[in-house]
Amino acid sequence: MRWAEAMTQSSELDRLIAAARGWQPARMALATVIATWGSAPRPRGSHMLVHEDGRFEGSVSGGCVEGEVLHAAAATIDDGHTRRLSYGVTDDTAWEVGLPCGGSIELLVQPVTIDSFDPALFHKIADTRGRGGRIALTTDFASGRTVVGDDPGEERFVNIYAPPRRLLIVGAVQIAQSLAAITRALDIVPTLIDPRGRFLTEERFPGVDLDDRWPDEAIMACKPDAATAVVTLSHDPKIDDPALIAGLNSPAAYIAALGSRRSHAKRLERLAAAGVLPADLERIDAPAGLDIGAQGPAEIALSIAAGMIQAFRKP
């Protein structure tokens, strides 16, 4: 069996699904990375959707083999047959298509039809992720058909589509402005939480979801999951501490707090007095972010984003 956590970068997957919906009822083919070795440029589960007129959305190799895949997709659209393709350094074609760096990939190209990859599956993926859920699709290589469900077995590929990753930022400070912008570029959906109305304005945070409830209430309402990060930036214990407690009572993947080591030591004392267990206190990344010698709001935001990505990537 082959398994993959499909593209969690929400905008990439959203664009592909939007294209699939907009192109119907045209004939299409879907290429999927089903295996990688070495330094392959795209992870398993990555998709490329091809329209019958040659347009495409998505990527399966970062540009290395897209031309070859377009030819295979055109053939699949014409004859309705599923194809398996392999590219690697042992294959002369690999040098022609740009994979001489040691990477190898295996692809499956399916017709987008009821008997193979049903067009309705695009709607199921979008609807499930939109509700914050995960959906698994299993493809049987022998039949070339994809169905809903996690059905492991030989010669099958299970692709799991996770909900969009989220970041709950507590404290509408200057660092939060840079962090929200970086987060959106990383296809992570930010929400800015701050009960101080003067700080929390559309002008300062254009296009960001704003929540002026008290942080613990707002965080509990957001129901953080393993695809969520919580970062406190306000420097005000009345705001940050309740937010951290709420975050620690959830399975959030990353919980971080801005401040010096000295201020964090005092924070730990307050949280322990509030009943937070030692094991939960250890979950807090503080000072927040990776130590890259950051100076200024933008660099500090970058270090926090890096720490968040590192946490999301851990098994």
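The values are calculated or read from the model by the stated rules, or taken from the named source; none is laboratory data. None of these values were measured; they are calculated from a predicted model. Here the Cβ is made from the backbone with ideal geometry for all residues, glycine too, and neighbour counts use every protein chain on show. These accessible areas exclude ligands, DNA and RNA; they are computed on the full protein's heavy atoms, side chains included. Shrake-Rupley method; radii C 1.70, N 1.55, O 1.52, S 1.80 Å.
Data overview
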| item | result |
| --- | --- |
| Pairs of alpha carbons in segment 104-232 whose separation is greater than 26 Å (percent) | 42 percent |
| Mean Cα-pair separation over length for the chain, i.e. relative contact order, pairs under 8 Å, 6 or more apart, % | 14 percent |
| Probe 1.4 Å - accessible area at T201, Å² to nearest ten | 40 Å² |
| Eligible lysines near K266 by straight Cα distance, threshold 28 Å, same-chain separation 8 or greater | K223, K238 |
| Formal net charge of residues neighbouring A75 (Cβ-Cβ distance under 14 Å; K, R +1; D, E -1) | -1 |
| Span-like helix ranges in the chain, DSSP H, alpha carbon extent 24 angstrom or more, Kyte mean at least 0.0 | 296-313 |
| The chain, accessible area per residue, ligands and nucleic acids excluded (1.4 Å, Å²) | 46 Å² |
| Per-residue SASA entry for H235, accessible area with 1.4 Å probe, Å² rounded to 10 | 120 Å² |
| Solvent-accessible area of S260 with every protein chain in place, 1.4 Å probe, in Å² to the nearest 10 | 60 Å² |
| Sequence of E282, E155, E106 from largest to smallest accessible area, 1.4 Å probe | E282, E155, E106 |
| Burial ranking of peptide ranges 13-21, 225-233 (average Cβ count within 10 Å, highest at the top) | 225-233, 13-21 |
| Mean separation of Cα contacts under 8 Å (6+ apart) over length of segment 168-294, as relative contact order % | 22 percent |
| Relative contact order of segment 92-243, defined on C-alpha pairs under 8 angstrom at six or more residues apart (%) | 18 percent |
| Cα-based shape type of segment 243-315, given that a ≥ b ≥ c are square roots of the gyration tensor eigenvalues and the cut on a/c is 1.5 | oblate |
| Shape category assigned to the chain from the gyration tensor of Cα positions, a/c cut at 1.5 | prolate |
| Protein accessible area in the chain, 1.4 Å probe - carbon and sulfur % | 53 percent |
